[in-house]
Each structure stands twice: as structure tokens, then as C-alpha cells.
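What follows is a short report on a single structure.
The values are calculated or read from the model by the stated rules, or taken from the named source; none is laboratory data. Computed from a predicted structure; not experimentally measured. Here the Cβ is made from the backbone with ideal geometry for all residues, glycine too, and neighbour counts use every protein chain on show. Surface accessibility is based on the protein's heavy atoms, side chains included, excluding ligands, DNA and RNA. Shrake-Rupley method; radii C 1.70, N 1.55, O 1.52, S 1.80 Å.
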Amino acid sequence: MVKVRLELFSTIFDKQTVPDFYSSISYADNLIVNKPSTCSFNGSKVYSVNLVPSYMSCKLCDEHLFNSKKISQHNWGYAIFLNSDSNAAGYLKNKFNSNFRTNLNRSIRRLETCFDIQYKMYHGEIALHDYEALMESLRVMLVNRFRAINEPNNNLPKWKDICAETFPLINQKKASLFVIYHGDRPIEISLNYHLDKILFSSISSYDLDYSKFGLGHIEIYKQLEWCYLNNYNVFEMGVGGMDYKRRWSNNIYNYEHHIYYNKSFLANCYAFFEISKIKLKEYLKSKQIPLYIQKVKSALSPSKNIDDKSAGVVKIEQLEANEIHKDLIKINLENEGFYHLRKHVYDFMYSNPENIANVGIFQINGTNSFVIKGSDKQIKVTL
């Protein structure tokens, strides 16, 4: 007896494949039909399928010949079903209170006031050199973001494979890159996979220098606009209980583990052990045993030395609007030597919204202090 294991979520989204033992998958009044020539169920195998979204119904080829067992997993998924609203603004109004809506709209206005902002969805056509540059930008964003919180990222070790596999999928409209640009610079990127009328936001990150502007929320809102305009039914955010997923979702669902096997005595025995093992695993997860083990391992492991160039005490002083400093040297923020100053400049601009063209950045000669001047406010930053 041979056991076949697969994870349905990554199979249908990342690999763009409906397993050959399914004749169809249905979700939200939609039906994805497998090609008849592909559909086949090998009775000499036991199929163990992990991470099946509970909102999907999977129909087996010749299902009357086989037994099946569904085990609820201690994993939760997060999605937005778009059926009930006509546009993203309508969803925002029905989902969130006025305070959240006001803050989001303020962030969008401030972002677009302060910078030359463009939103672009690459879905169906992208040049290789543009793709490689954007994926490298996304990789750097992920490295910086997870270094800042001192946590590993599961995608970075397999980044070369992700890059190689995704380029053709974008040109086939099976994947996309959504990008927020400041001028020519990408400051937020989301890598998505498309299945029928589902957009799965798989990997996203942003430039930490712009963190005040709430780029993560802006990205979701702008992608929702795209989904409504293109008649998508589901904006999928996948497994994992991060706070922003919980806030945006209107469908928080449970994953299931499905096991399929024929009705022979041998298959039943084999499936019994597989089912028992999965139930035990899910029970341990429900008691957070794997989490405790991971915490113990982390505590026993030597701490990693994080090279954070921005570490150190930063002093910020509010200056009078008409206060004049001597020995000021105007600097170019695009100069590599002043990259470390960007976040302080952008934080100042968020609090005092005006276009970056009207903001002057100066170094006090002979010191590590800088003056950031807006039209009617200025601050002094000492690094």
C-alpha cells in the first residue's frame, strides 16, 4: 500500500495544479472542473491531503468506490468573500467602523500627497529584467522586515525556486505582482497567485522607511479594488493568524485534513494508522505542544547577532519655524550615505503632509545632526 501526501493549498495556488484524483473543486458558487483525461484515482494508494480550506468542496473521481475521512485541523485561514458588496469602498463601509476608515483614507491621502505614487498590477505581461528587479526588492524587504522582528521567514530559503517558478505564471495570468511605487522605487510588493476567481496574496512586504503610512493596509485595499473591477469572488490571505488578516477577513475558516482510501481490508488498516497519527498531531497542536517545543529550542539556541545599522540612540528636537541654523549643508537623500536618514524624513512628512519636493534636508557641518525643513515646521535629528 502506497501513501500519497500533498498539501492542497500550495498545490492549487503555488503549483497551479488540481490533483488528478479530484474531478472538481467547488467554492463560493463556483466550480473548477478537472480535465477528464487527467482524472484518475489509484485504488492501491492512500491519499493524505493536508490544508484543505473548509469553504472548498472536493469531489473525487469515482468517489463511490472509496472511503474518506475528514479531520479538522488546528489551523485557521483568512479570506475576504466579495459577493455582497459592489466595490472596495462598500466593503470598507460594511466591515469597519468610521475610525478605521478615516485612518485608512488619511494614510492614502498622505502617501499620495507626500510622494509621486503609482499603483501597478503585473498580471499577464512582465519583462524579465523588471521581474527580477522587483523580486530582488521584495526579497530585501522581507529580509529587513523579519530581521527587525528577529524571526525567520519560511520563504527566503526557497527564494530561487519561487523566482524561477513564478515568472512564467505571471505571463500566463496565473500569478501577479502588485506594486506600490514612489517614483521608480517599489516601496510595497505583493506576490499573488490566481486560481479561477480567487486571488491569493501569498508573499508581501514593504520598505520599512515608509512604515508610518500603513502600506500593508493600503495594499489590501488597492488589491480589493482590482478584484472588484475584475469580477473576482475571493481575496485569499492563507493560513496564519496575523492581526491584519483577522481585521480584514469576513470569512475566517478552518482547514481540514482529508484521507481517501479504497474499501479493502488492507487499505482500511493502513488508513486507520494514518488517521490516528493525524488526530494525535492535531490534538498536540490544540494544546500548543509544538509551540512550547519551539520556544524551548529557541531558548537553548545561541542568539543571533543582528547587524542593525539603525541601532543606537536617535535624538529628535522640534525647532521653531523661523529658527535659523548656521553651517547648513544641503544633502541629497538619494545619496547612499544618507539612506539611514530616510525613515526620519518620511516620519516627519507623515506628521506634516506635503510633497517631498518642498522638504529640505540639511546636515549641520561637522556634526552628525540634520535639519529637516518643511514649509512651516522643522526638526533636528541627531544620530
(request) Please indicate, with yes or no, whether at least one residue in the range 357-365 is open to solvent by 70 Å² or more (accessible area, probe 1.4 Å), over 23 Å from Gly214 (Cα atoms) and in contact with a Gly (Cβ under 7 Å, 6 or more places away or on another chain). (result) no
(request) Give the residues of the range 273-295 that are touching a Ser or Thr at 6+ places or on another chain (Cβ under 8 Å) and of a type in the set (D, E, K, R), sorted by residue number. (result) Glu274, Glu282
(request) Looking only at the range 157-191, count how many residues are open to solvent by less than 50 Å² (accessible area, probe 1.4 Å) and either modelled with pLDDT under 95 or more than 28 Å from Glu112 (Cβ to Cβ) (or both). (result) 5
(request) Give the range 107-146 a look and list any residue that's open to solvent by less than 20 Å² (accessible area, probe 1.4 Å), more than 26 Å from Ile356 (Cβ to Cβ) and of a type in the set (Phe, Trp, Tyr), or say none. (result) Tyr131
(request) Under 7 Å between Cβ atoms, at least 6 apart or on separate chains: pull out the pairs that start in the range 100-120 with a residue that is free of Cβ contacts under 8 Å to residues at least 24 places away in the same chain and end on any residue that is open to solvent by 60 Å² or more (accessible area, probe 1.4 Å) and of a type in the set (Phe, Trp, Tyr). (result) none
(request) Would you be able to tell me the number of residues in the range 293-344 that are within 20 Å of Tyr210 (Cβ to Cβ), at pLDDT 80 or above and of a type in the set (S, T, N, Q)? (result) 2
(request) Mind listing whichever residues of the range 203-248 are open to solvent by 40 Å² or more (accessible area, probe 1.4 Å) and among the hydrophobic types (A, V, I, L, M, F, W, C)? (result) Leu208, Trp226, Leu229, Val239, Met242
(request) Kindly list, by first and then second residue, each pair from a residue in the range 341-361 that is of a type in the set (D, E, K, R) to a residue that is open to solvent by less than 40 Å² (accessible area, probe 1.4 Å), limited to pairs with Cβ atoms under 8 Å and residues at least 6 apart or on different chains. (result) Arg342/Asp209; Arg342/Leu333; Lys343/Asp209; Glu354/Cys114; Glu354/Gly374
(message) What's the total number of residues in the range 265-288 that are without any contact (Cβ under 8 Å) to a residue 24 or more places away in the chain and small (Gly, Ala, Ser)?
(response) 1
(request) Keeping to the range 79-127, report how many residues are under 25 Å from Tyr55 (Cβ atoms), part of a helix (DSSP H, G or I) and touching a strand residue (DSSP E or B) at 6+ places or on another chain (Cβ under 8 Å). (result) 1
(message) Given the options Asp29, Asp62, name the one that is at positive phi, open to solvent by 30 Å² or more (accessible area, probe 1.4 Å) and under 28 Å from the mean Cα position of the chain (by Cα).
(response) Asp29
(message) Just to check your reading of the model, which residue among Gln73, Gln16 is more than 22 Å from Lys197 (Cα to Cα) and either in a helix (DSSP H, G or I) or open to solvent by less than 70 Å² (accessible area, probe 1.4 Å) (or both)?
(response) Gln73
